[in-house]
Amino acid sequence: MTTSPATPKKVGMAVLVGRSNTGKSTLLNNLIGTKVAITSPKPQTTRHIIHGVLNDERGQVVFVDTPGLFKDVPDILTSRLNEKAKDSLDGIDLVLYVVDPRRHIGDEEKNIHRLVLQSDKPKILVLNKSDVKRPFLDEYLAWGKDFDKVVDISAREARHLKPLIDAIYELAPVGEHPFYPPDQLTNVDNRFFLAEVVREKIFLAMHDEIPYTVKVEIEETERRENGIWYVKAIIITNAQRAKKILIGAGGRQIKEIGQAARKELESITGEKVFLDLEVEVDERWQERFE
Ligand SMILES: Nc1nc2c(ncn2[C@@H]2O[C@H](COP(=O)(O)OP(=O)(O)OP(=O)(O)O)[C@@H](O)[C@H]2O)c(=O)[nH]1
Ligand SMILES: [Mg+2]
């Protein structure tokens, strides 16, 4: 009996880029089957580069989630997020350009399209949100010729992700050394994820500009004697006015945010969580944001 030589493994970094709100983080979570990135209907939810790792018999793909790209950069935070997203196109093996064909192609989308085409790496055009009506689908389909592959998916419903994953493995380079050990799913550590869950609940609960005035830090996590997992998180905002809104009348708003975050943390960990939230003002946190 003869044995065929082992197929060489694929090892690749695939970056998810696109405008804000196209569903990049939702896609990342569903590609790897675990929530590592927070998502929300508001733009500019993602602020940090997040890796999600997929391993199968074909090899390892690391998905790199990025902040949405903007045309106009009215403030320092947006400008930093744009830089991060652009920098993340360096040193990768594959570009997944995620678009939302419910939205008309305007100047912002054209800028990103141009940026994506500057990369000499294989590219996949990901037409997201196939579960809803997409009036501008034809406009995006006309871009298909610029890409190695076009896939039509619903990230939220995890629909047609297999053909996308197959295309990614096909286009990824052969490599000998995986980036992550087989049991590691992400570059995100527990503390960061805890803070992100709180930030997600702020994005979901608060209107207008409030989510953009806020960052979250974890001050303490401790296993208490009664088995409860104690977490102290500080919500840092840049104005007294925003602090007042975040706390709400009689503390109702902060309580709602805390309950939503606690419920999610309990359902992820299967443990009892006591989440202690405080709001502080630091007028200049955005200037120091990295
Ligand atoms: N209908 C529908 N909604 C989706 C789909 N994928 C994502 N969404 C929604 O689109 C919104 C934005 O999703 P995110 O994953 O946060 O988008 P993002 O591209 O990461 O956004 P930024 O981090 O701000 O750049 C959320 O309300 C998601 O639930 C999809 O396939 N179908
Ligand atoms: Mg995101």
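The values are calculated or read from the model by the stated rules, or taken from the named source; none is laboratory data. Note that this is a predicted model, so its numbers are computed, not measured. Note: ideal-geometry Cβ built from the backbone for every residue, glycine included; neighbour counts use all protein chains shown. In case anyone asks, the SASA skips ligands and DNA or RNA and just uses the protein heavy atoms, side chains included. Shrake-Rupley method; radii C 1.70, N 1.55, O 1.52, S 1.80 Å.
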With all protein chains modelled, accessible area of His113 [1.4 Å, Å²]: 20 Å²
Accessible-area value, Leu115, 1.4 Å probe, nucleic acids and ligands omitted, Å²: 40 Å²
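When the accessible area of the chain is split by element with a 1.4 Å probe, what percent falls to carbon and sulfur?
After summing per-atom areas, the C and S share lands at 50 percent.
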Leu137 paired with Ser267, simple spin-label distance in nm, labels 7 Å along Cα-to-beta-carbon: 3.0 nm
Choice from Thr66, Thr237, Thr34 with maximal GNM fluctuation in the chain (Cα, 10 Å cutoff): Thr34
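Report the charge-dipole magnitude of the chain in Debye, nearest 20, computed about the Cα centre from +1 at each Lys and Arg Cβ and -1 at each Asp and Glu Cβ.
Using Cβ point charges on Lys, Arg, Asp and Glu, the chain gives about 660 debye.
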Per residue accessible area of region 94-191, 1.4 Å probe, in Å²: 55 Å²
Using a Förster distance of 22 Å, the FRET efficiency for Phe289-Lys244 (Cβ separation, nearest 0.05): 0.45
Listed residue pairs exceeding 26 Å between alpha carbons, taken from Lys9/Lys149; Lys86/Lys123; Lys10/Lys149; Lys24/Lys86; Lys10/Lys129; Lys24/Lys71: Lys10/Lys129
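Can you tell me how much longer the chain between Tyr230 and Asn190 gets when fully stretched, taken as 0.36 nm per residue apart minus their C-alpha distance, in nm with one decimal? All intermediate terms of the calculation are to be shown ahead of the outcome.
Details: separation 40, 0.36 × 40 = 14.40 nm, distance 1.34 nm.
Extra length from Tyr230 to Asn190 when fully extended: 13.1 nm.
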Pair Val281, Ala6: separation of 7 Å Cα→Cβ label points (nm): 6.1 nm
Considering only the chain, percent of DSSP beta bridges that pair antiparallel, nearest 5: 40 percent
Accessible area per residue, Å², region 196-290 with all protein chains present, probe 1.4 Å: 55 Å²
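What order do Asp131, Asp107 take when sorted by accessible area (1.4 Å probe), most exposed first?
Numbers: Asp131 50, Asp107 95 Å².
From most exposed to least exposed: Asp107, Asp131.
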Span from the region 43-75 Cα centroid across to the region 4-37 one, whole angstrom: 9 Å
Gained length - Leu117 relative to Gln259, 0.36 nm times residue gap less alpha-carbon distance: 46.7 nm
Mean-position separation - Cα centroids, region 249-290 and region 174-213, in angstrom: 15 Å
Cα centre as origin, Lys/Arg/Asp/Glu Cβ charges: region 137-290 dipole, Debye: 700 debye
Relative contact order for the chain, counting Cα pairs under 8 Å that sit 6 or more residues apart, in percent: 18 percent
